[in-house]
Amino acid sequence: MNADLVIKNGWVVTPEETFKGGVAIKDEKFVALGTDDVLPTGKEEIDAKGKYILPGIIDGHVHFREPGLGYKEDFTTGSTAAVCGGVTMVMDMPNVTPPTADAEKVRDKIKLAEGKFLTDVAFFGVVVQTNIEQILPMAEAGVIGYKIFFGETIGNLPFPDDGACLDAFRFIAQSKLPLGIHAENRQIMAYHTNKLKAEGKNDPIYWESSRPDICEAESVHHAIFFAETFGTKLHVYHMSSKQAAWMVRDAKARGLRVTAETGPHYLLREYKDMAEVGPLLKMNPPVRSRDHAEVLWDGLLNGYIDMIATDHSPHTLEEKGSDITGKMTKPAIWDCISGFCGVETAVPVMLTEVNKGRMTLNHYVKLTSENPARVWQIYPKKGCIRLGSDGDVTIVDLEKEGTIDVNKLHSKNKPSPWHGWKVKGMPVCTIVRGHVQMRDGEVVGKPVGKVVRPNP
Ligand code: DOR
Ligand code: ZN
């Protein structure tokens with residue numbers, strides 16, 4: 001057999017083991033894996049000497065902003081940033097204009113994606129007060145799951161009230177797709193925001209106190225109760241607090257299908273950093289204190305937080321109310337928008353932690369490849385190096401050092417709190433279904449990306 005692509009002479013990493021050798025891909029699927037002597041020859045061959053061959057990294061949470069908000073990011077720039085960051089597949093969010101809130105919008109988005117993505121992609125549908133009857137049709141149209149914004153955030157999407165949630169959770173359970181929640185209690189955040197404003201506390205450092213831990217925890221508690229009542233698969237997006245993490249842990253222990261993600265900023269940054277990087281680190285929910293981060297790490301290491309996802313959410317500098325160094329250019333933190341780039345920086349930032357010994361590379365691929373694929377029900381098509389699975393690979397060089405320079409990011413808008421961050425461990429090649437998309441930081445591929453549908 002002659003394969004299309006053979007990667008050899010490296011270290012293949014799976015959640016279970018690391019072995020010397022490589023993989024072969026033909027017709028977009030893995031057709032061989034093992035030591036170099038068992039691999040077929042390839043039309044194209046990559047020598048991965050000294051490098052690690054990982055299952056393709058999946059970012060389960062990005063905002064690529066099409067349709068309607070393409071001035072912030074678009075499918076081409078977003079997926080270019082992704083492959084440059086070592087990511088082979090993304091899950092894209094529905095808070096766009098118009099919101100992805102019915103079957104027709106889902107089909108429009110899938111059409112809009114044609115010929116633009118360098119990665120593979122899946123799309124979420126949003127559930128609001130007025131589109132409950134669209135839940136099952138959106139599944140039919142191909143969404144990977146649903147999103148409910150419980151608290152006000154970018155896009156100002158109206159959330160379903162508790163009455164509407166009775167139907168929403170029931171229909172979502174019927175769809176067999178998971179419901180992802182943006183968990184923030186709107187009344188708690190309004191109360192604290194008004195109080196801080198009245199006290200004239202307008203600096204970036206107060207952002208966290210405007211949406212404190214209880215704000216997220218109460219919302220997660222509420223949603224777990226609904227999910228348990230209706231048998232809905234529940235996923236907590238961008239988890240930031242220890243209380244929420246413990247609730248997910250306890251729900252799992254009770255046998256519920258509750259999963260969660262957290263992101264590099266919640267693990268490695270703290271709210272105090274906003275004194276330095278100002279609105280650049282402004283995110284919903286906010287980055288908190290070290291004690292929260294330590295529990296989030298514990299959750300990742302001990303299986304009660306399932307994955308690392310970035311919440312890549314670019315905005316213009318003008319919207320961020322910041323210059324590129326983090327100096328606030330608007331009167332108050334309330335005037336600055338929430339969200340920042342992440343899809344291109346997460347892999348080097350987290351590999352740096354692997355190098356420091358915070359987790360093994362095997363565990364890292366579980367959190368960034370296998371688990372996102374399992375949670376979103378596309379495993380084993382995605383998320384593993386197995387015969388017959390899609391030939392998605394991220395090759396990383398654990399010795400390669402660098403400094404994150406936001407000016408070199410590939411997103412349309414580059415504001416990020418990671419500027420100047422020292423990293424050791426970088427992606428050097430990104431392969432999507434056998435197509436080499438990035439090599440040594442350069443885009444070398446074409447928009448071959450496909451929309452992936454779940455298989456519940
Ligand atoms: O900070 C955020 N930005 N949180 C969200 O939930 C949405 C995101 C965005 O779309 O910019
Ligand atoms: Zn998000």
From the list Val126, Val96, Val90, Val83, pick out the single residue that is within 16 Å of ligand 2 (Cβ to nearest atom) and either within 16 Å of the chain's Cα centre (by Cα) or surrounded by fewer than 19 Cβ atoms within 10 Å (Cβ to Cβ) (or both).
-> Val90
Among residues of the range 129-162 being more than 16 Å from ligand 1 (Cβ to nearest atom), surrounded by 19 or more Cβ atoms within 10 Å (Cβ to Cβ) and within 20 Å of the chain's Cα centre (by Cα), the residue nearest to Pro456 (Cα to Cα) is Ile144
Exclusive hit being surrounded by 21 or more Cβ atoms within 10 Å (Cβ to Cβ), modelled with pLDDT of 95 or more and of a type outside the set (Ser, Thr, Tyr), set Leu196, Leu179 = Leu179
Restricting the search to the range 199-217, which residues are surrounded by fewer than 19 Cβ atoms within 10 Å (Cβ to Cβ) and in a helix (DSSP H, G or I)?
-> Ile205, Ser209, Ile214
Failed condition for His61, given (1) surrounded by 20 or more Cβ atoms within 10 Å (Cβ to Cβ); (2) within 13 Å of Phe123 (Cβ to Cβ); (3) away from ligand 2 (no atom under 16 Å from the Cβ) | (3)
Hey, does the range 319-329 have a residue that's within 16 Å of ligand 2 (Cβ to nearest atom), closer than 23 Å to Ser210 by Cβ and open to solvent by less than 10 Å² (accessible area, probe 1.4 Å)?
-> yes
How many residues of the range 172-188 are out of contact with any strand residue (DSSP E or B) (no Cβ under 8 Å at 6 or more places or on another chain) and away from ligand 2 (no atom under 16 Å from the Cβ)? The answer is 7
Pair list, Cβ < 6 Å and 6+ apart or interchain, from the range 417-429 residues that are in a strand (DSSP E or B) to residues that are open to solvent by 70 Å² or more (accessible area, probe 1.4 Å) = Lys422/Thr403; Lys424/Glu401; Met426/Lys400; Val428/Asp440; Cys429/Arg439
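Okay, residues lined up against (1) of a type in the set (D, E, K, R); (2) in contact with a Pro (Cβ under 6 Å, 6 or more places away or on another chain); (3) more than 16 Å from ligand 2 (Cβ to nearest atom); (4) in contact (Cβ under 8 Å) with a residue 60 or more places away in the chain:
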residue	(1), (2), (3), (4)
Val349	no, yes, yes, yes
Val365	no, yes, yes, yes
Val375	no, no, no, yes
Lys382	yes, no, yes, yes
Determine the pairs where a residue that is polar (S, T, N, Q), located within the range 35-56, has a partner that is exposed (fewer than 12 other Cβ atoms within 10 Å of the Cβ) with Cβ atoms under 9 Å apart, the partner being 6 or more residues away or on another chain.
-> Thr41/Met1; Thr41/Asn2
Whichever residue in the range 231-254 is among the small types (Gly, Ala, Ser) and part of a helix (DSSP H, G or I) and, among such residues, is nearest to Thr153 (Cα to Cα) = Ala244
Could you give me the residue pairs with C-beta distances under 6 Å whose first residue belongs to the range 186-203 and is more than 15 Å from Lys330 (Cβ to Cβ), whose second residue is open to solvent by 50 Å² or more (accessible area, probe 1.4 Å) wherever it lies, and which are 6+ apart or on separate chains?
-> Arg186/Glu152; Leu196/Tyr206
Do the conditions hold for Thr130, that is, is it part of a loop (DSSP other than H, G, I, E, B), touching a residue at least 24 places away in the same chain (Cβ under 8 Å), farther than 28 Å from Ser322 by Cα and of a type in the set (S, T, N, Q)?
-> yes
Does the range 433-441 contain any residue that is more than 17 Å from the chain's Cα centre (by Cα), under 29 Å from Met283 (Cα atoms) and open to solvent by 70 Å² or more (accessible area, probe 1.4 Å)?
-> no
Would you say Lys366 is over 30 Å from Lys176 (Cα atoms) and open to solvent by 50 Å² or more (accessible area, probe 1.4 Å)?
-> no
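The values are calculated or read from the model by the stated rules, or taken from the named source; none is laboratory data. Being a predicted model, the structure only gives us computed values, none of them experimental. FYI the Cβ positions are ideal-geometry reconstructions off the backbone, even for glycines, and counts take in every protein chain you see. In case anyone asks, the SASA skips ligands and DNA or RNA and just uses the protein heavy atoms, side chains included. Shrake-Rupley method; radii C 1.70, N 1.55, O 1.52, S 1.80 Å.
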